[in-house]
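So the structure is just underneath, and the comments pick up after that.
The values are calculated or read from the model by the stated rules, or taken from the named source; none is laboratory data. Treat the numbers as computed from the prediction; the structure is a model and nothing was measured. Cβ coordinates were reconstructed from backbone atoms using ideal geometry, including for glycine residues, and neighbour counts include every protein chain displayed. Surface accessibility is based on the protein's heavy atoms, side chains included, excluding ligands, DNA and RNA. Shrake-Rupley method; radii C 1.70, N 1.55, O 1.52, S 1.80 Å.
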Amino acid sequence: MLLRAWIAACAAALAVSSAPESKAAPPQDPAPAPAAKSGCFVAGDGYLRARLRGALELDLDWKDAQMQCEGGPRPSGNGVRVSIGGPARGEGRRIRIVFGIAGVTEGAGGHALRTNVTILFEGEQRVFATLGDDKCTVDSLTQRRVETLGGDHAIYRVEARGFCLGPATSLSRDERVLMTSFDFAGRVEFSDDDRHDLKPQNPKVDP
């Protein structure tokens with residue numbers, strides 16, 4: 001239920017971002033919206049490569065400067081979530097891929113990790129999701145601490161590669177996309193509050 005609610009919230013956000021502009025007059029002195037930060041790391045070594053087949057035929061090859069990276073522990077505490085947005089495609093459009101990787105904790109590596117994948121087409125009202133972590137696997141994952149933001153907040157470089165044997169399905173369930181392979185270097189952030197909440201053996205499925 002948590003996963004479905006999260007995807008529904010993503011879809012609602014996409015719908016709002018793509019809705020036509022209101023005809024109401026804008027404020028006299030509108031405050032400029034802050035630009036989303038691009039790049040994953042100071043060193044500039046983030047990347048994502050992925051092969052998608054099915055309703056979409058895409059070979060993605062993103063470099064650090066083109067990317068938006070976020071991440072942290074999954075809501076249930078079972079593993080980490082890595083969110084990577086690709087190059088801006090104009091008019092608010094961007095492909096974002098979210099990997100929910102089970103069975104790892106802060107700073108730890110792993111092999112054969114069950115993984116949930118969600119593919120969002122921001123600005124286009126399209127979302128694909130595997131709806132569980134039984135269709136994709138991270139073959140190999142490493143974490144390396146790269147930055148510290150204060151004494152209780154740390155950033156890790158997560159490098160992973162893997163594949164999917166089952167497709168991600170659209171919310172309307174009439175389209176499917178198979179991510180046959182992926183590898184990436186993204187980021188996750190941990191604070192003291194996150195560490196207190198970690199439950200690495202929690203079987204609950206979340207994105």
How would the range 69-148 be classified by its alpha-carbon gyration tensor: rounded, prolate or oblate, with rounded meaning a/c under 1.5 and the a/b versus b/c comparison settling the rest?
oblate
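Compute the signed sum of charges (Lys and Arg +1, Asp and Glu -1) over the other residues within less than 10 Å, Cβ to Cβ, of ILE119. Intermediate values should be presented prior to the final figure.
Numbers: positive: ARG96, ARG126; negative: none.
Within the 10 Å Cβ shell, the charges total +2.
Using 0.36 nm per residue, how much length does the chain from VAL42 to ARG173 gain when fully extended, once their Cα-Cα distance is taken away?
Values: separation 131, 0.36 × 131 = 47.16 nm, distance 3.96 nm.
That works out to 43.2 nm of additional length.
For the peptides 53-60, 175-182, 125-132, 77-84, what is the packing order when you average, over each peptide's residues, the other Cβ atoms within 10 Å and list the highest mean first? Numbers along the way, then the final one.
Details: 53-60: 14.0, 175-182: 18.5, 125-132: 21.2, 77-84: 23.9.
Averaged packing, sorted descending, gives the order 77-84, 125-132, 175-182, 53-60.
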I'd like the per residue volume of the convex hull spanned by the Cα atoms of the range 107-148, given in cubic angstrom.
106
Please list ASP134, ASP183 in order of solvent-accessible area, largest first, computed with a 1.4 Å probe with all protein chains present.
ASP134, ASP183
What FRET efficiency comes out for the pair ARG93/VAL146, r = Cβ-Cβ distance, R0 = 30 Å, nearest 0.05?
0.50
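When averaged across all projection directions, what area in nm² does the alpha-carbon convex hull of the range 31-179 cover? Each step should come with its number before you reach the end.
Details: hull surface 40.3 nm².
Taking the Cα atoms of the range 31-179, their convex hull projects to 10.1 nm² on average.
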